Amino acid sequence: MRRFFPIALFAVLAALAVPRALAQQDHAEGTRKVVSKPEPAYPSLARRMGISGTVRIEAVVAPNGSVKSTSIIGGHPVLAQSAQDAVRKCKWEPASHETKEIVILNFHPN
């Protein structure tokens, strides 16, 4: 029985490690090259209030390079909708599978 325990322990640990390694490969972020990235419109309310800052958007990009969906990760709420609209117009290079890309947009009044 003492010989069986280390072998069983090794088998259990190996089985747990394999799915974790595969999951890390499936969720690569920021791996595709941006083909076109239009500038976001600076919201007039933000300009009047002197709001500047950075907005982070997560985009789910289809294999053909178009944006399937977006979600706001962080940033000022007044700037967020404009950033999200701009990211929806972005295009990435084609790939064999869907990816998640993080886009960071900076807003500064002129």
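The values are calculated or read from the model by the stated rules, or taken from the named source; none is laboratory data. Note that the structure is a prediction, hence the values are computed from the model and not measured. A quick note on method: Cβ atoms are made from the backbone with ideal geometry, for glycine too, and the neighbour counts reach across all protein chains shown.
Just one of the listed residues (SER71, SER52) is within 15 Å of the chain's Cα centre (by Cα) and of a type in the set (Ser, Thr, Tyr), and it is SER71.
Condition check ((1) part of a helix (DSSP H, G or I); (2) touching a Pro at 6+ places or on another chain (Cβ under 7 Å)) across all residues:
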site: GLU58; (1), (2): no, no
site: SER69; (1), (2): no, no
site: ILE73; (1), (2): no, no
site: ALA80; (1), (2): yes, no
site: ALA83; (1), (2): yes, yes
site: ALA86; (1), (2): yes, yes
site: ILE104; (1), (2): no, no
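Please indicate, with yes or no, whether at least one residue in region 72-82 is among the polar types (S, T, N, Q) and at pLDDT 95 or above. So far as region 72-82 goes, yes, one or more of its residues are among the polar types (S, T, N, Q) and at pLDDT 95 or above. Residues in region 82-109 that are over 16 Å from LYS37 (Cα atoms) and free of Cβ contacts under 8 Å to residues at least 40 places away in the same chain: SER96, HIS97, GLU98.
When the test is whether a residue is at pLDDT below 95, part of a helix (DSSP H, G or I) and surrounded by 13 or more Cβ atoms within 10 Å (Cβ to Cβ), ARG47 passes it.
Go through VAL67, VAL60, VAL55 for me and flag whichever is at pLDDT 95 or above, surrounded by 13 or more Cβ atoms within 10 Å (Cβ to Cβ) and in contact with a His (Cβ under 9 Å, 6 or more places away or on another chain). Spell out the reasoning first.
Details: VAL67 fails: in contact with a His (Cβ under 9 Å, 6 or more places away or on another chain); VAL60 fails: in contact with a His (Cβ under 9 Å, 6 or more places away or on another chain).
From the options VAL67, VAL60, VAL55, the qualifying one is VAL55.
Scanning region 83-97 for residues that are surrounded by fewer than 19 Cβ atoms within 10 Å (Cβ to Cβ) and either of a type outside the set (Asp, Glu) or modelled with pLDDT under 95 (or both) yields a count of 7.
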